[in-house]
1. So how many residues does the range A:103-114 have that are touching an Asp or Glu at 6+ places or on another chain (Cβ under 7 Å) and open to solvent by 40 Å² or more (accessible area, probe 1.4 Å)?
2. Among the residues of the range A:163-173 satisfying the criterion of being at the interface with chain B (Cβ under 8 Å from one of its Cβ atoms) and aliphatic (A, V, I, L, M), which is farthest from residue A:118 (Cα to Cα)?
3. In the range B:205-222, how many are closer than 22 Å to residue B:45 by Cα and open to solvent by 10 Å² or more (accessible area, probe 1.4 Å)?
4. Condition first: out of contact with any Cys (no Cβ under 9 Å at 6 or more places or on another chain), basic (Lys, Arg) and open to solvent by 40 Å² or more (accessible area, probe 1.4 Å). Can you find one or more residues in the range B:335-342 that meet it?
5. Quick check on my filter: what residues within the range A:120-132 are out of contact with any Leu (no Cβ under 6 Å at 6 or more places or on another chain) and within 12 Å of chain B (Cβ to nearest Cβ)?
6. Would you check which residues across the range B:192-204 are under 13 Å from residue A:153 (Cβ atoms), surrounded by fewer than 23 Cβ atoms within 10 Å (Cβ to Cβ) and free of Cβ contacts under 8 Å to residues at least 40 places away in the same chain and list them?
7. Looking at (1) of a type in the set (Asp, Glu); (2) open to solvent by 10 Å² or more (accessible area, probe 1.4 Å); (3) more than 10 Å from chain A (Cβ to nearest Cβ); (4) more than 19 Å from residue A:150 (Cα to Cα), find the lone condition where residue B:117 falls short.
8. Which of the residues belonging to the range B:143-156 are open to solvent by less than 10 Å² (accessible area, probe 1.4 Å) and more than 7 Å from chain A (Cβ to nearest Cβ)?
2 protein chains.
Amino acid sequence: MTDTTTDMTEMAQGPAERRPAAEFEAHDQHGGYEASEAAELLTAARLSVDPEVRRAVDSLPGGMRRIARYHFGWEHADGTPAAGHAGKAIRPALVLAAVRALGGEQAMAVRAAAAVELTHNFTLLHDDVMDRDPTRRHRATAWTVFGEADAILAGDALQALAQRLLAEDPHPGAARAAARLAACVVELCAGQHADSTFERRGPGEVTLDECLAMAEAKTGALLGCACALGALYAGAGRSEVEALDGFGREAGLAFQLIDDVIGIWGDPGHTGKPARADLAARKKSLPVVAALASGTRAAADLAELYGRPAPGPESDGDLERIAHAVEAAGGKDWALMQAADRMSRALNQLSRAVPVPEAAGSLLALAEFVTRRTY
Amino acid sequence: MTDTTTDMTEMAQGPAERRPAAEFEAHDQHGGYEASEAAELLTAARLSVDPEVRRAVDSLPGGMRRIARYHFGWEHADGTPAAGHAGKAIRPALVLAAVRALGGEQAMAVRAAAAVELTHNFTLLHDDVMDRDPTRRHRATAWTVFGEADAILAGDALQALAQRLLAEDPHPGAARAAARLAACVVELCAGQHADSTFERRGPGEVTLDECLAMAEAKTGALLGCACALGALYAGAGRSEVEALDGFGREAGLAFQLIDDVIGIWGDPGHTGKPARADLAARKKSLPVVAALASGTRAAADLAELYGRPAPGPESDGDLERIAHAVEAAGGKDWALMQAADRMSRALNQLSRAVPVPEAAGSLLALAEFVTRRTY
């Protein structure tokens, strides 16, 4: 087993020693250097982007400001201040790290990073309504507290605020960034659309390619866009911008694969979610779809088990049987190999845009961080 | 009774003869010259803006393209072509007329006009979900056909497409237009938010000022924004842009007042809606709120009638009693006077931005058109 932390360290030393993270495997704890570097980058991104995000949110008229402030964790439902948790700031951190990696000035890109964060949160507000999700970041979702209509409106307003930030930004890269972010929103919507249509189809009726394309649109697109915006704000050329977009996309896909593995085999004590919740919901996650497509005997068993929706609460034994079938059909191994392959492609794209390894360090640390979560 | 058509004609002749439309009153049919001029402007706007709107919509991925094409009336629910009715194109027509009025080149502003039309349709898709409206433009609403989630996503995508059009527009006014349109979306959301909170409050618990502010945000803001965008694309200065925004806002408020009058006293044969539908739904429309605030005996009767929600389908007699109470309490007269006053303010703003009356002709014809609907 090769620790990709080593790859990362090597990459920071010189391109000659660089190699793809082909033997990438999820670990049950964060590594040393990169994990703490990533934590610092995330904290710094949160600190630099929050004043801009708060200023934008506080410009909203009363009713919607309250919903948005609740969603970001700054207020309780009754409007009293909360020491909330607005998420990990991965997307703004990617914007800022990408600017730096391409020799741009980070301070100039804070608005762009805030626009990405607002866009991300607009999609969370709407996705929670559509998916009827009751909790987000360990709190009741906005729509369960304020109603569907207000959550939809607050999301709409956050999308508008994101675009307004870029439209009012005098930076020469702002217009291209705005166009790119808008195109990304369309892709995010397409990903969410595909995800919800998959839920209505039977097991075996969703191909692995469709599933990968959905994950790329739903998760990879905005991580790619964040990196691309950083490149645009550094004044990078077209091929660097596209390469950084590719880096973010591939890392995003690796993240989703690992996230799906955690959703089945993760330790509830670490994930904060009930064990095997994705299986109980009959989610067509990537390991499950890969298992179903494997043509194995276990795949046939899995199709049979997954085809009949749970009539009520299932026993741990029932869900364990499904998890075993996914694993026996090769779903877990495929997902981990695929994640490693995606990380390798991500590193490849990154090296095309940022040939100086020292400059790529922060982006690597963040990519490592998102794909190496505790489970 | 003074016909404001006369005002308009006079205004087209010379500023000396101009006077406010203080005696404005709704008519049961369109006037002569201006109505046909408005019809021509709307047709021309639809023709010039539609290719741009269609190109944007057709750039959407499959699932969402279908929903949007259905919403615009270009396709039936099964995807077969429909000779649909995408609305009156009032907002794009205002953008194009405003550009011309300020000496700009109309052809350069087609993208901005399309962006406004896309934004309007994004809000319609979402409003229909939130209000649970079953029909729009004589067809089943998109959410009733494709489900709530897909209607929300299609709306999100249309908002993004609108901003993308402006972000990709090399016109020097495009960035300011994008910022203004984004700010307008926030105002539209605030208007819709206020509207839905009013529905949950009792009759007497919504003040007339709140109600007017809501109507300005929900209806006036986008008409004002359309005119302001036209001014920006004509390279107009700040004061002209603001004056044109004011013109559109006031005309929009006049439109809403007339629309509310039609909603109570309109002829269902003309409006296509059931008679007194707004009263049956206990809508806190402007004439009703004005009547409730009048301090008259009829206001007390009305509060009593409006306070108890209809236990089931009401007889025509019940609804007629409510309509009589609104009228007896002065709600209808107030609304018509207020509409006249708003049109007068609109003309005043317009004359500040466009001192040459000939140049203002198209904007006047459109303002007349929207406030003089058949009922």
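The values are calculated or read from the model by the stated rules, or taken from the named source; none is laboratory data. Given the structure is predicted, the values throughout are model-derived calculations rather than measurements. Neighbour counts are summed over all protein chains in view; Cβ atoms, including those assigned to glycine, are modelled from backbone coordinates with ideal geometry. Areas reflect the complete protein model, heavy atoms only, side chains present, ligands, DNA and RNA absent. Shrake-Rupley method; radii C 1.70, N 1.55, O 1.52, S 1.80 Å.
1. Selection size over the range A:103-114: 1.
2. So the first thing to find is which residues in the range A:163-173 are at the interface with chain B (Cβ under 8 Å from one of its Cβ atoms), and the list is A:163-164, A:166-168.
Adding the requirement that they be aliphatic (A, V, I, L, M) leaves A:166-167.
Details: A:166: 11, A:167: 14 Å.
Of everything passing the filter in the range A:163-173, A:167 is farthest from residue A:118 (Cα to Cα).
3. Filtering the range B:205-222 for residues closer than 22 Å to residue B:45 by Cα gives B:219-222.
From what is left, the residues that are open to solvent by 10 Å² or more (accessible area, probe 1.4 Å) are B:219.
The number of residues fulfilling the criteria is 1.
4. Kept after step one, since they are out of contact with any Cys (no Cβ under 9 Å at 6 or more places or on another chain), are these residues of the range B:335-342: B:335-342.
With the extra rule that they be basic (Lys, Arg), the set shrinks to B:342.
When the remaining residues are screened for being open to solvent by 40 Å² or more (accessible area, probe 1.4 Å), the result is none.
So far as the range B:335-342 goes, no, none of its residues is out of contact with any Cys (no Cβ under 9 Å at 6 or more places or on another chain), basic (Lys, Arg) and open to solvent by 40 Å² or more (accessible area, probe 1.4 Å).
5. Within the range A:120-132, A:125, A:126, A:127, A:128, A:129, A:130, A:131, A:132 meet the criteria.
6. If the condition is that a residue be under 13 Å from residue A:153 (Cβ atoms), surrounded by fewer than 23 Cβ atoms within 10 Å (Cβ to Cβ) and free of Cβ contacts under 8 Å to residues at least 40 places away in the same chain, then B:194, B:195, B:197 are the ones that fit.
7. Residue B:117 satisfies every listed condition except (2).
8. Selection gives B:151, B:154, B:155.
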